[in-house]
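Here is the structure we will look at, set down as structure tokens.
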């Protein structure tokens, strides 16, 4: 049975697209046929992060309007043949996505894919609403920072009340916390909210912590999801998250300040 | 880190300040988000009715709305004035 995952946050710039790209790639690399959809109509960026921006011919809105078939619009990833990308449209018409249209495309995808990852735009407008409306699971991406935590809490309220599952009185959407841009050094100094702090406030099941890492920008510069950089801390953290989501039991990493005496002195990263 | 910084750090950390602010804010936003929109009006009208019979102040009444998995509770709390103070 296919599962629809929404990657959401409310606030912008916390790492939704980075996360969508990474977990979609991670799921596909684990052998599950996966589609990742960009819901940010007018401001598409998933294609850049996935490195397929020059291969976009048709987009999500074209499919909804019947101007292209799903197969014409889906772009097969260059690194993994089980991963497909459905880019957002660059139209300025915010009403281009309809609930009926999105539902129809998702139903069609469900026949062929195991996981469908919906990359939500920031905010609580139509695109964000439709990205989460049909979801089975929600990955709530949060930074250890006040405005991001507050917005995540707002999103949790919306997930619980304005989704298909909520409206039909079905089992609620499963919500998971992904804490990104985490800096254990700053937590230790009392300058940053800790994992426990954020969990106390949001009461969410922690799927994983992504440390603040140079590898994320490097990955987006080159258009390869950071999870493929297996040597990097962020890549490994995303690997753990995918494994945990699939039911593997992996202890949490990157939460404590691991810098030893020597590394502190020589400042290696 | 200078010696001065060391003493400074014994003060409340900014992270704990952030946590405290968030906890208050989130609790408030959750409760106001979930409660029905008629609640303030209900509170106002109830107070008017009670004031017809009992001499109570504006803050003598509190209405709260709670929701859990299978029931919704509307809690009404009226503090009546002290009997002793009522005696002439």
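Coordinate-derived values only; no laboratory data. What you see is a predicted model; the values in this text were computed from it and never measured. For neighbour counting, all protein chains shown are included, and Cβ atoms are generated from backbone atoms with ideal geometry for every residue, glycine included.
What whole-number volume per residue, in cubic angstrom, does the convex hull of the C-alpha atoms of segment A:55-121 give? Don't skip to the end; give the middle numbers.
Working: hull volume 6.6 nm³, N = 67.
It comes to 98 Å³ per residue, whole-number rounded.
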### Task
Can you grab the distance from the C-alpha centre of segment A:2-30 to the C-alpha centre of segment A:205-230, Å, no decimals?
11
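Could you work out the relative contact order of chain A, using alpha carbon pairs under 8 angstrom and six or more residues apart, expressed as a whole percent?
Numbers: 542 pairs, mean separation 63.5, N = 269.
Computed value for chain A: 24 percent relative contact order.
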### Query
In which sequence would A:238, A:164, A:176 go, from the one with the fewest C-beta neighbours within 10 Å to the one with the most?
A:164, A:176, A:238
## Note on the structure
Here, residue B:37 and residue A:1, labelled 7 Å along Cα→Cβ, have an inter-label distance in nm of 3.6
### Query
How big is the equivalent ellipsoid of segment A:155-258 along its three axes, where each semi-axis is √(5λ) from the Cα gyration tensor, reported in whole Å from largest to smallest?
27, 19, 13
### Query
For the peptides A:4-16, A:72-84, what is the packing order when you average, over each peptide's residues, the other Cβ atoms within 10 Å and list the highest mean first?
A:4-16, A:72-84
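Let me have the 222 nm mean residue ellipticity of chain A computed from DSSP H runs of 4+ only, each contributing -39500 (n - 2.57), with the sum over all residues rounded to the nearest 500. Walk me through the intermediate numbers first.
Working: 13 runs with 111 residues, N = 269.
Result for chain A: -11500 deg cm²/dmol, rounded to the nearest 500.
Which ordering of A:192, A:25 is given by a fewest-first count of other beta-carbon atoms within 10 Å? Could the numbers behind the result be given before it?
Numbers: A:192 23, A:25 27.
Ascending number of Cβ neighbours within 10 Å: A:192, A:25.
Kindly identify segment A:150-202 as rounded, prolate or oblate by the Cα gyration tensor criterion: order the square roots of the eigenvalues as a ≥ b ≥ c, call it rounded if a/c is under 1.5, otherwise compare a/b with b/c, prolate if a/b is larger, else oblate. All intermediate terms of the calculation are to be shown ahead of the outcome.
Details: a/c = 3.89, a/b = 3.33, b/c = 1.17.
Prolate is the answer for segment A:150-202, as a/c is 1.5 or above and a/b outweighs b/c.
What is the mean number of Cβ atoms from other protein chains located within 10 Å of the Cβ atom of each residue in peptide B:16-25, rounded to a whole number? Each step should come with its number before you reach the end.
Numbers: counts 4, 2, 9, 9, 1, 2, 12, 3, 0, 5.
The per-residue average across the peptide is 5.
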### Query
Mind listing the Cα extents of chain A along all three principal axes, in Å, largest one first?
61, 39, 35
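Ranking B:39, B:76 by Cβ neighbours within 10 Å, fewest first, what do you get? Please report the intermediate quantities before stating the final value.
On the way: B:39 14, B:76 11.
By the 10 Å Cβ count, ascending, the order reads B:76, B:39.
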### Query
To two decimal places, what compactness ratio does segment A:1-84 give when its Cα radius of gyration is scaled by 2.2 N^0.38 Å?
1.08
### Distribution of pairwise C-alpha distances over segment B:13-83, 10 Å bins, in %
16, 35, 27, 18, 4, 0
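Of all beta bridges DSSP finds with both residues in chain A, what is the antiparallel percent, to the nearest 5? All intermediate terms of the calculation are to be shown ahead of the outcome.
On the way: 2 of 31 bridges.
Around 5 percent of the beta bridges assigned by DSSP in chain A are antiparallel ones.
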### Principal axes of segment A:14-134: Cα extent on each, largest first, Å
35, 32, 28
#### Entry: Peptide A:196-205 - average C-beta neighbours from other chains (10 Å radius)
2
